[in-house]
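Values in this text are rule-based calculations from the coordinates and carry no lab data. Predicted model, so just to flag it, every value in this text is computed and none were measured. Don't worry about glycine lacking a Cβ; one is built from the backbone with ideal geometry, like all the others, and counts go over all protein chains shown.
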Amino acid sequence: MAQVKKAIDKFGLPRIIILVFFFVLIITAGVLNMNVPALLGDVIRRWGMYGILVLAMVPGIQCGIGPNFGVTIGISGGLLGALISIELRDKGFFENFSHNATLDAFMGIFVALLLALIFASVFGILYGMLLNRVKGSEMTVSTYVGFSVVALFNILWLVLPFRSKTSIWPLAGDGLRNTISLEADYKEVFNNFLGFKIGGIYIPTGLLLIFFLACFCVWLFLRSRNGIMMSAAGANPVYAKAAGINVDKMRILGTTLSTALGGIGIVMYAQSFGFLQLYNATQMMGFSCVASVLIGGASINRASIINVLIGTFLFQGILAVALPVANMLLPEGQLSEILRIIISNGIILYALSKSKGGTR
Amino acid sequence: MNTKKKLNVRSLLRDNNVTILFIVLCIGAYFASGTTLNFLLPELFTRIGRNTFMVLSLLIPVVAGLGLNFGIVIGAASAQIAIFLVLLMGVKGLPGLLLCVVICTPLAIFFGYLIGRLFNSMKGTEMIGGLVAGYFSDGLYQLLFLFVLGGIIPIANKTLMISTGVGVKNTMKLGDKAGLKYALDNIPMINILDVLFWGGLVASALILLYRLLKKQPLGIGRILKFFVPVAAVYALSFIPVVGRFLGTNRLLLLNAIELGALVAVIVSVIKIIKMKAIDKKAGLPKKEIMGIVIAALAYGATYIPPLFSAFSVVKLPVMTYVCIAGLVIFTSWFLNTKLGQEMRTVGQNRAVANSAGINVDRVRIIAMIMSTVLASYGQLISLQNIGTVATYGSHQQVGLYAIAALLVGGASVQQANAKQAVLGVVLFHTLFILSPVAGKQLLGNAMIGEYFRVFVAYGVIALSLAMHAWSKLMKGKEAAAKAEAAEAKS
Amino acid sequence: MEDKYVLQMENISKKYGETAVLKNVSLNVKPGEIYALIGENGAGKSTLMNILFGMSVIHSTGGYDGKVTIDGQEVNFTSPNDAMKAGIGMVHQEFMLIPGFTVTENIKVGRELTKPGLASKVFGKSLERLDWEKMEGEAQEALDAIGMDIDRHVKVAGLPVGYMQFVEIAREIDKKNIKLLVFDEPTAVLTESEAQRLLSVMKLIAAKGIAIIFITHRLDEIMEVADTMTILRDGEWVETKAIKDTDVVEIAQLMVGRKIEKLVDDDEKPEGLESAPVAVEIRDFRVDMPGEKVKGVDLDIRQGEIFGIGGLAGQGKIGIPNGIMGLFPATGTVTIFGSQINFGKLGDALHKEVAFVSEDRRGVGLLLDESIEDNIVFNTMTVKKEFLKNYAFMKLKDGRRVRSHAQEMINLFDIRCTGSLQKVGSLSGGNQQKVCLAGALTLNPKLLIVSEPTRGIDIGAKKLIMEHLVKLRKEQGLTIIMVSSELVELRSICDRIAIISDGRLSKILSPDAPDADFGLAMSAVRTEGGA
């Protein structure tokens, strides 16, 4: 009995609850005669869709800034890149490729990814420098810096001189739309790349490949000399200092990586979703990412790729399955959204209370 | 001497940079918007009445070292639960509002206790914890209002519930039939006076009786000091003109300034007479003379035409402002009690407090309970003035705006007082009112102004949190340098 | 007879797990007496005081044996609060003051005076108003009682460091029932004149009939103010004497004591050490390490030497290696095999082939959540770029070589573990220390600095580590600096031992020098020829 209790303690009660809940939902869906394979397909799609955003948490946590609530900064940079890509298409930048629709779409998303990477990295360096000045309070500061940056970008979306018809409101003059369709650009290019159906479950091969590739790159980085030095700086700054490592530089490295992954992540998210969402849509995304990696078993000091894979799958799995199941049981919508709020914030609270149980 | 003064000016500027920036922004926005005081002031005083109580509820946790209490959202949510229940019962007017208070107090105490417990398990990360706890409870709140009410607990009330019977409507109206709108604002001054007079009479009698029984000194002087002015005004109210004036529930800002100036002059004169005639103190009564001069200036200002016209359109809901003043007095009184001093000690240094025999965890929980309860009252005051409750939205941004306002007034994570709260509310809401208008005027787009004020709210909090964290980091280094300097001296 | 003592501690014994830290220690303190408690670090002074104050660390580890009586009544405090109520106070080495409060508020903290009001009658005592007038008055009285002329309205943050101590004392004196005050190293942070003032205040307090337990390592201070002294060594009572019947030399000798057993047989000292070239030259070395400040040290360490650095805790011996490694700001020059260390460059000493085993094993020495093998190769991988494989543009960890090297080290040091992938956090202290040493040796250094290598580890591991150090010197001619609080250990393997006191070099002694010399050198009693 004591051993069982210890095992539960180690795995974490909330994680067990979430796991059980997920299976209950799947079984309920089966009992209700719903299309379970389609549901699972949706789970897999969302897994790849959110994966890179959640992956962005790993370098942040490992380098010592904690869960990066401010990943929205990278997301904003990514959106900027994606918008410029649309604008370039409008200006005829990709005309040379227009004979092949697939190639054309790929060019679009690659330019978007590249620009996202550049913007997000620059933001990440500045953001990392800021976080070095607020050691010990990174979480609170990064949350509010993230919120302010979203608010600042809200203003920018209104005033930046984008002209593309897809981006701005039809009655020109009031800035960018709330949601911008990527139909004409690169909607689902990766999802459809080598995609196939197996047992009724659609596998978005390209999307998953990119997700796994990103995971592999981060995994490799964490095993490299720089990665090892960065993890040590996060785990024990004094130890790192004794080993001659510049802790501040490592933190900037980790923060920049995290922010850059955020930028890339939102472009991948958008291509799978089919829309770019501007304004306040991204405000709470940082919380979802933090929650996902925590559900996967990370703490606010340590995280690994496995945490990302498991956490994203479980969290998105629950949300994807819960909505249709809830709709069968209760006619009201919104339950899925409420569930997201409760689960994500609940798990963050749990992790916070576990990490610093002061007695004094 | 001269250099020292210069230094003071510089440090004054540095310590109040956020406030000064805001004053500049407000003045800029006022001129950019091209609006008039007649538009700004009524709007502003309405917002002061709505929001100040909530901002004041943040003070106690700051003093107790819990930082900015992002958890007041939970207090606001409990107020809304209470309002829903009262609407359901159909109790109207002031009794309805009082019933709200009766219902939301235990709820807020319970939630405050839970937050306090939670914060005790995450010392040092209370602020992010409070924020997340706010979101978490919002999820539970939505679950309650969208599914539990009507879904699990059957409620047969067509006006409150969605047509399907499951879930509460998006807005709850407090006006019209519900009769809760202005329940507090509309209390006539004469009633306040009645309560003060009779309540004071009964309380004084009880105190005297108690002291008589316990054979303690009676201290009639102090009781009279409070009671005589109240009785005097009460007597005045029997003069028909005064009675009619007091019978209203709104006070013109103009009249408020005139009355304030009058009272200030009377009090100052009485004090001067007491000093000179009874205590026979030498020297000039500087403070009192200053008071008279300021009162005269304020009165004089009402004769400036644009101010006169603006002051004559602002109507203050008296009872609401009395509540705010009451909370200011309560807070300053409370911080001078033993428990208040314990909170200050805990806020300064938990280790010292612990070794001085103070139960640190308990004090922190009490601080959270007080803050949550006060926040729930603040939300009641705000909602009865607005007149509608956005069931799923009214509470959400409460923490953000209250905290931003407090910080704008010059408060920080570690120190805050009522003055800063009031100043902050005035500045923050001035900008809040003006920025969409200014945005429209300058850039032809009201949305820019709206996003700008949101940006400002978040930005102020981010800035102040970052500066706090930075100074905390620097303080560690400074202490080392100081020790070094002391060492070198020896 | 009994009640002639204010405090009696009889036959006190205390065990932490299997290790006995106090064995049958007794104290008898009379009212108005200044009672000095003397002993090296780890002699049991602080454990004894923890028992007196009922600290939770005692009760959570199984309590103690023996009897504590106060004014003839047996007591068993379970919290510092109980001790406070019984009239026992403590003046801490680090100030327990609130900088943002005034002197009055600090003196009255937790014991504020109040007057009842309407609210307090309804809601209880904690809502009584503070009675500032009365508080100011009593605070002033307390300040007057110790002859301090401090403005009671001033915030403590604005006071000079030396005054803060007196605010603490005033706070203790202000407790009306105070009978016994414990001063724990009170002069450590004070200047000479402030310390002098403190001593006279202590006499003043004692003259009022309050007993004082005075814990200090400064023997001259003890000679000046104390009436009686008790010496502890290794948790055992050694001697209790009236000060007038003893002298500094005797106290010093008793404190260090003769310990015959040698931990390691190391009879054969290498030949010609005196003429060997200088390996490490330290000049006017100052390190700003909080609590272990180094204030100007000159040392020459010869090639192939095992050089010991000893001294009491807080005197600065720990600061020396930490300064060399660049962990705290340092000035002066340190030259290692002819090349000078640049303190401004992080990790410069590592690049100059110095390896360091930190005294703070869990804090500085190890990554507790990482595996044994990662800990062993970490420094070598980051500093010397070994154990890496090149893949395109990335340098990745070479898992196979790391594994085999770690296995070698595990065998060499006999590290008890489930395998090289076990997390070091779950190892015992001794095995963790072996991992630290293995990591340092993997760097293949020319100079090895080990700081407190035997702290908190069992006797077997202790012996193995010491033997290994001797072997390294013998077989590889490695130069070793060993910093330790354990004189026995230093004396069993070192060639020369430098004693650091008050941040400066007190004396360099041969391991065979008499006990009294070590005692005097550590206690900063300035004898002729001292630094």
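Along region B:137-149 the Karplus relation, 6.51 cos²θ - 1.76 cosθ + 1.60 evaluated at θ = phi - 60°, assigns HN-Hα couplings of 5, 4, x, 5, 4, 5, 4, 4, 7, 8, 10, 5, 6 Hz to successive residues, with x for each Gly and Pro.
Using just its DSSP H runs of length 4 or more, each adding -39500 (n - 2.57), chain C gives a mean residue ellipticity at 222 nm of -9500 deg cm²/dmol after division by all residues. Other residues with beta-carbon under 12 Å from the beta-carbon of A:Ile155 carry, at +1 per Lys or Arg and -1 per Asp or Glu, a net charge of 0. By the Kirkwood approach, averaging reciprocal distances over each pair of separate Cα atoms, region C:97-175 gets a hydrodynamic radius of 13.0 Å.
Straight-line reach from B:Lys181: taking Cα to Cα under 21 Å and skipping same-chain neighbours fewer than 8 places apart, the lysines in range are B:Lys92, B:Lys158, B:Lys169, B:Lys173, B:Lys315. Between 0 and 90 degrees, the angle of helix C:459-476 with respect to the longest Cα principal axis of chain C falls at about 40 degrees.
Loop-only trypsin sites (Lys or Arg not before Pro) in region B:273-358, please: DSSP not H, G, I, E or B, and at most 12 other Cβ atoms within 10 Å.
Numbers: sites: B:Lys274, B:Lys276, B:Lys280, B:Lys281, B:Lys286, B:Lys287, B:Lys315, B:Lys338, B:Arg344, B:Arg350; in loops: B:Lys280, B:Lys281.
For trypsin sites (Lys or Arg not before Pro) across region B:273-358 that sit outside H, G, I, E and B with at most 12 neighbouring Cβ atoms in 10 Å, the list reads B:Lys280, B:Lys281.
Among the trypsin sites (Lys or Arg not before Pro) found in region A:129-173, those both in a DSSP coil and sparsely packed, with 16 or fewer other Cβ atoms within 10 Å of their Cβ, are A:Arg133, A:Arg163, A:Lys165.
The residue among A:Gly146, B:Thr46, C:Ile169 whose Cα reaches farthest toward the positive pole of the charge dipole of the protein assembly as shown, with charges on the beta-carbon of Lys, Arg, Asp and Glu, is B:Thr46. For chain A, the tally of Lys pairs with Cα-Cα distances below 18 Å comes to 10, considering only residues 8 or more apart or on different chains. Cross-link reach is defined here as a Cα-Cα straight distance under 13 Å, omitting same-chain residues fewer than 8 places apart; for C:Lys115 the aspartates and glutamates meeting it are C:Glu128, C:Asp131, C:Glu133. The residue list A:Ser85, A:Met250, A:Gly175 was ranked by how far each Cα lies along the charge dipole of region A:14-351 toward its positive end, using unit charges on Cβ atoms, and A:Met250 comes out on top. Note on region C:368-443: lysine pairs with Cα distance below 17 Å, sequence gap of 8 or more or different chains, count 6.
Name the longest site-free stretch of chain C, where the excluded sites are GluC sites (Glu not before Pro) in a DSSP loop with no more than 15 other beta-carbon atoms within 10 Å. My reading of the result: C:272-527 is the longest stretch. Quick one: compute the contact order of region C:14-66, relative version, from alpha carbon pairs under 8 angstrom and 6+ residues apart, as a percent. With pairs under 8 Å counted, the relative contact order is 39 percent.
Spin-label model, C:Tyr391 to B:Lys472: label points 7 Å out along the Cα-to-beta-carbon direction sit 3.9 nm apart.
For chain A, what relative contact order do you get, as a whole percent, if you take Cα pairs closer than 8 Å and at least 6 residues apart?
Rounded, it is 32 percent for chain A.
Among the GluC sites (Glu not before Pro) found in region A:81-188, those both in a DSSP coil and sparsely packed, with 11 or fewer other Cβ atoms within 10 Å of their Cβ, are A:Glu183.
Across peptide B:350-358, what mean number of C-beta atoms from other chains lies inside 10 Å of a residue's C-beta? Don't skip to the answer; put the middle values down first.
Numbers: counts 2, 4, 8, 5, 6, 9, 11, 8, 2.
Per-residue shielding by partner chains comes out at 6.
Modelled spin labels at C:Ser13 and B:Ile273, positioned 7 Å past Cα toward Cβ, are 8.3 nm from each other.
Compute the relative contact order of region C:97-175 as a whole-number percentage, counting only Cα pairs closer than 8 Å that sit 6 or more residues apart in sequence.
On the way: 94 pairs, mean separation 35.3, N = 79.
It rounds to 45 percent for region C:97-175.
Within the shell of other residues whose beta carbon sits under 13 angstrom from the beta carbon of C:Leu366, the net charge comes to -2, with Lys and Arg scored +1 and Asp and Glu -1. Once the dipole of region A:14-351 is set up with Lys and Arg at +1 and Asp and Glu at -1 on Cβ about the Cα centre, which of A:Leu208, A:Ser231, A:Ile118 lies farthest towards its positive end? Of the candidates, A:Ser231 comes out farthest on the positive side. Dividing the summed helix terms, -39500 (n - 2.57) for each DSSP H run of n ≥ 4, by the number of residues in chain A produces a 222 nm estimate of -23500 deg cm²/dmol to the nearest 500. Neighbours of B:Pro229, meaning other residues whose beta-carbon lies under 14 angstrom from its beta-carbon, give a summed charge of +3 when Lys and Arg score +1 and Asp and Glu score -1. Compared with the rule-of-thumb size 2.2 N^0.38 Å for a compact globular protein, the protein assembly as shown has a Cα radius of gyration ratio of 1.06.
With a Cα cut-off of under 19 Å and a minimum spacing of 8 residues unless on different chains, the lysine pairs in region C:443-527 number 6.
From the P(r) of chain C, can you give the percent of Cα pairs sitting at distances over 32 Å? Numbers along the way, then the final one.
Values: 73269 of 140715 pairs.
Cα-Cα pairs in chain C separated by more than 32 Å: 52 percent.
For C:Lys23, give me every one of the aspartates and glutamates with a C-alpha distance below 17 angstrom, ignoring sequence neighbours fewer than eight places off in its own chain. Here the aspartates and glutamates satisfying the reach criterion relative to C:Lys23 are C:Glu10, C:Glu40, C:Asp65, C:Asp234, C:Glu236, C:Glu239. Pairwise inverse Cα distances across region C:368-443, averaged and inverted, put the Kirkwood hydrodynamic radius at 12.4 Å. Cross-linked pairs C:Lys30/C:Lys67; B:Lys472/C:Lys295; B:Lys215/C:Lys85; B:Lys338/C:Lys208: Cα-Cα separations exceed 22 Å for B:Lys472/C:Lys295; B:Lys215/C:Lys85; B:Lys338/C:Lys208.
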